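**Student:** The following block contains the structure, expressed as structure tokens.
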Amino acid sequence: MQAIEARGLTKSFGAIRALNKFDLTVPEGTICALLGPNGAGKTTAIRILATLTSPDAGTASVAGHDIARQAALVRGCIGLAGQHAAVDDDLTGRENLVILGLMHHLGRRSASRRADEMLAEHGLADAAGRLVRTWSGGMRRRLDLLASLVVRPAVLFLDEPTTGVDPRSRAAIWSSVRSLAASGTTVLLTTQYLDEADRLASDVVIIEAGRTVANGSPEALKDTIGTRVVVAVEGAADLSAAASVASRWATSPPAVDAEQLRLTARVATGSVTLPELVRHLDAAGVRAQDVSFRRPTLDEVFLDRTGGSARDEARKEAVA
Amino acid sequence: MSVTRIWWPVSDGLSAAERVLTKLRHDQTALALTVGAPVVMVLVFGYVFGSAIAVPGGENYRAFLVPGLFVVTAANITPSMVGMARDASRGVVDRFRSLPISRVAVPFGQAAATAVYGAVSLVLMALCGLAVGWRISNGTGDALTALGLLVAFQIAMTWVGMYLGLVLGREETAAQASILLFPVTGLSNVFVPASGMPAWLRTIADWNPVSAVAAATRQLFGNPTTPANGAWPLEHPVTAALGWTVLLLVVFVPLCTARYARGRAG
């Protein structure tokens, strides 16, 4: 069964179309990452699926319940951690979780027990009795994640769970998400960090301007870009010979850098092996100094699939 | 199971109320302000204004002022407005809305908690009032009616505050907006009788709900009153105060709960 199934979700805010016939299918027990530049519609998609806002058009079901007609049932099956740490600064960590337990109708005793159990399990027991105001940003985000797990949800929505989080807390959040998925919870997360999607998600959906532009497993997406081959040569004369050799497999004309005496080509993954290429270069008399094969990163897939706006933004973020 | 389910909205509301009260318990500053504000108001207004303002009939200014300050306390929407704006901007509202609970329960619980907190403020204010010469001169029945009216008005104003907090949506904006509350309480008969104001200003003051509740409180406690200036709300202060309270509730409870259930755009 599919944990999340969305068809043609459309939502506009004034003149801005946040989602435009957006489709999404997430199988039960998997981790799906929604990637996209800012304003691509990731948060809107999460908000619609979590029944916080309704779509202008389209349908969706979460854990088998229709988000429009069975919103209350959907809410009974989901957990949500938003972009901010939606925990109360003026309560202790424990009180935050106990009150959510009460709102889940666990009863005071079970709510207290569940709070202690979660805090201990996630290494926050020492801080449990302190006001959250005194906690670090990363600890708050971890508490926020726990707040969405008071009653183990069938489907968990995480909107940028590790944005602005220190590396240690990020690792802790990743391991929590992994173990949740291993025990059957379906996770839909948005992220700006491509390595997060790469390492966590079994499926990646790239979204731009409210539409899906690519989806598949991280490896399958990388395969669509192919492997990058870089050949460094001794002299300018070698460059053109190398280019004609590389053209045999290249999916697009090889790029020649005369200054650096380097040639870059993209080939379909698996179409040629390194020894094979070296043999051909040798046969053509190319004096190669270095030949390397490189798998694309998810960043490259992302930049390849999203438009110029995303590229500029990614560049800005890389500088910042 | 089904029997307990009926109580869920109530228990959800109680959990929401517990959250607000527990937060307050931890927030020493807010607690100090709650305790300190009545003392400061009685002293500053009672003795600073009291030295220069003559109450019609030459009666004690502080006996006139204290019932007015009750209304200022009851009309203080800052805690509910800023609190709700903070919850909205930090995603707390979204979290609660994603829970399988009645979406109406949370604002009701928060209103109940604010009422408890407001009632404590009123008691503190009354103690300060007694210390500076304010007295309950009518019977117990009237005094209890006055208290009930003040608490009801305070609950109504809490809903106004929560609604404005949701609309403003940002804690900082809400904090700035709370400065605008002073004219609302100041443009009334709370501090001075409206008789001396220019006619147009006096009309506003006479029809200000705060004036009606203050006049009703003074009448019920048997304290010095202000001339009605022929304005209907001040000639029938208890009816007018009750009417204003009911009107505010009828308008703002549905507005606020609908807004809470619907959520922000986005």
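**Student:** What nm distance separates the two modelled labels at residue B:262 and residue B:5, each placed 7 Å from Cα along Cα→Cβ?
**Tutor:** For residue B:262 paired with residue B:5, the spin-label model returns 2.9 nm.
**Student:** Another one. How do B:260, B:117 line up, fewest other C-beta atoms within 10 Å first? Please report the intermediate quantities before stating the final value.
**Tutor:** Numbers: B:260 23, B:117 20.
In increasing order of surrounding Cβ atoms, one gets B:117, B:260.
**Student:** Rounded if a/c is under 1.5, else prolate if a/b beats b/c, else oblate: with a ≥ b ≥ c from the C-alpha gyration tensor eigenvalues square-rooted, which is region A:69-115?
**Tutor:** Taking the square roots of the gyration eigenvalues as a ≥ b ≥ c, region A:69-115 is oblate.
**Student:** Right, something else. Which cross-chain or sequence-distant (5 or more) residues have an amide H under 5 Å from the amide H of residue A:87, H modelled 1.01 Å from N in plane?
**Tutor:** none
**Student:** Okay, moving on. With θ taken as phi - 60° and the coefficients 6.51, -1.76 and 1.60, list the Karplus ³J(HN,Hα) couplings across region B:238-243 in order, rounded to whole Hz; mark glycine and proline as x.
**Tutor:** Each residue of region B:238-243 in turn: 5, 4, 5, 5, 5, x Hz.
**Student:** Give the relative contact order (percent, whole number) for region A:71-139; include only Cα pairs under 8 Å separated by 6+ residues. Walk me through the intermediate numbers first.
**Tutor:** Numbers: 53 pairs, mean separation 24.6, N = 69.
Relative CO of region A:71-139 lands at 36 percent.
**Student:** Oh, and also: Residue A:171 to residue A:297: extension gain in nm, 0.36 nm per residue of separation minus the Cα-Cα distance? Can you show the working numbers first?
**Tutor:** On the way: separation 126, 0.36 × 126 = 45.36 nm, distance 2.02 nm.
So the extension gain works out to 43.3 nm.
**Student:** With a sphere of radius 12 Å drawn around the Cβ of residue A:217, what net charge do the other residues whose Cβ falls strictly inside it have (Lys, Arg +1; Asp, Glu -1)?
**Tutor:** Here the charged neighbours net out to -3.
**Student:** I've got another one for you. What number, in percent, do you get for the relative contact order of region B:111-234 if the mean sequence gap of Cα pairs under 8 Å and at least 6 apart is divided by its residue count?
**Tutor:** On the way: 98 pairs, mean separation 36.9, N = 124.
Relative contact order here is 30 percent.
**Student:** Taking θ as phi - 60°, what are the ³J(HN,Hα) couplings along region A:290-302 by the Karplus curve (6.51, -1.76, 1.60), each to the nearest whole Hz, with x for Gly and Pro?
**Tutor:** Calculated HN-Hα couplings, in order: 7, 10, 9, 10, 9, 5, x, 8, 5, 4, 5, 4, 4 Hz.
**Student:** Determine the calculated [θ] at 222 nm for chain B from helices alone, applying -39500 (n - 2.57) to every DSSP H run no shorter than 4 residues and normalising by the residue count; nearest 500 deg cm²/dmol.
**Tutor:** -24000 deg cm²/dmol
**Student:** Place the peptides B:77-85, A:36-44 in order of packing, highest mean first, counting for every residue the other Cβ atoms within 10 Å and averaging per peptide.
**Tutor:** Peptide ranking by packing, descending: B:77-85, A:36-44.
**Student:** Kindly state, to the nearest 0.05, the FRET efficiency for residue B:250 paired with residue A:38, given R0 = 56 Å and r defined as their beta-carbon distance.
**Tutor:** 0.85
**Student:** Further, regarding this structure: Taking amide H positions as placed 1.01 Å from N in the peptide plane, with prolines and chain starts having none, which residues 5 or more places from residue A:207, or on another chain, fall under 5 Å of its amide H?
**Tutor:** A:35, A:36, A:213
**Student:** OK, next. Please compute the average number of Cβ atoms from other chains found within 10 Å of each residue's Cβ in peptide A:78-90.
**Tutor:** 5
**Student:** Calculate the FRET efficiency for residue A:219 and residue B:123 from the Cβ-Cβ distance with a Förster distance of 56 Å, rounded to the nearest 0.05.
**Tutor:** Efficiency, from the Cβ-Cβ distance: 0.25.
**Student:** With the crude spin-label approximation of a point 7 Å out along Cα→Cβ, what separation in nm comes out for residue A:282 versus residue B:25?
**Tutor:** 8.0 nm
**Student:** Taking amide H positions as placed 1.01 Å from N in the peptide plane, with prolines and chain starts having none, which residues 5 or more places from residue B:103, or on another chain, fall under 5 Å of its amide H?
**Tutor:** Those qualifying (amide H under 5 Å, at least 5 residues apart or on another chain) number zero.
**Student:** Before rounding to the nearest 500, sum -39500 (n - 2.57) across all DSSP H runs of length at least 4 in chain A and divide by the residue total; then give [θ] at 222 nm in deg cm²/dmol.
**Tutor:** Rounded to the nearest 500, the figure is -11500 deg cm²/dmol.
**Student:** Okay, moving on. Summarise the partner chain shielding of B:88-97 as one whole number: the mean count of Cβ atoms from other chains within 10 Å of each residue's Cβ.
**Tutor:** Mean inter-chain Cβ contacts per residue within 10 Å come to 6.
**Student:** Listed highest first by mean packing, meaning other Cβ atoms within 10 Å per residue, what order do A:267-276, A:85-94 come in? All intermediate terms of the calculation are to be shown ahead of the outcome.
**Tutor:** On the way: A:267-276: 13.2, A:85-94: 22.9.
Packing order, densest peptide first, comes out as A:85-94, A:267-276.
**Student:** Given labels modelled 7 Å from the Cα in the Cβ direction, how far is it in nm from residue A:130 to residue B:199?
**Tutor:** A separation of 6.6 nm, rounded to one decimal place.
**Student:** Give me the percent relative contact order of chain B, please, defined on Cα pairs under 8 angstrom at least 6 residues apart.
**Tutor:** 27 percent
**Student:** Of A:298, B:122, B:65, how do they rank once you tally other Cβ atoms within 10 Å and put the fewest first?
**Tutor:** Ranking A:298, B:122, B:65 by Cβ neighbours within 10 Å, fewest first, gives B:122, A:298, B:65.
**Student:** Which ³J(HN,Hα) values, rounded to whole Hz and listed in residue order, are derived for region A:72-84 from phi using the Karplus coefficients 6.51, -1.76 and 1.60 in 6.51 cos²θ - 1.76 cosθ + 1.60 with θ = phi - 60°, glycine and proline given as x?
**Tutor:** 3J(HN,Hα) across region A:72-84, in whole Hz: 5, 5, 4, 4, x, 10, 10, x, 9, 10, x, 6, 9.
**Student:** A further question on this structure: Let me confirm one metric for peptide B:14-24, namely the mean number of other chain beta-carbon atoms within 10 Å of its residues' beta-carbons.
**Tutor:** Mean partner-chain Cβ count within 10 Å for B:14-24: 4.
**Student:** Summing Lys, Arg as +1 and Asp, Glu as -1, what charge do residues with Cβ under 12 Å from the Cβ of residue B:177 carry, residue B:177 excluded?
**Tutor:** -1
Only the coordinates and a few stated rules stand behind these numbers; no lab work does. Quantities reported herein were computed from a predicted structural model and do not represent experimental measurements. Counting neighbours? That spans all protein chains shown, and the Cβs are built from the backbone with ideal geometry, glycine included.
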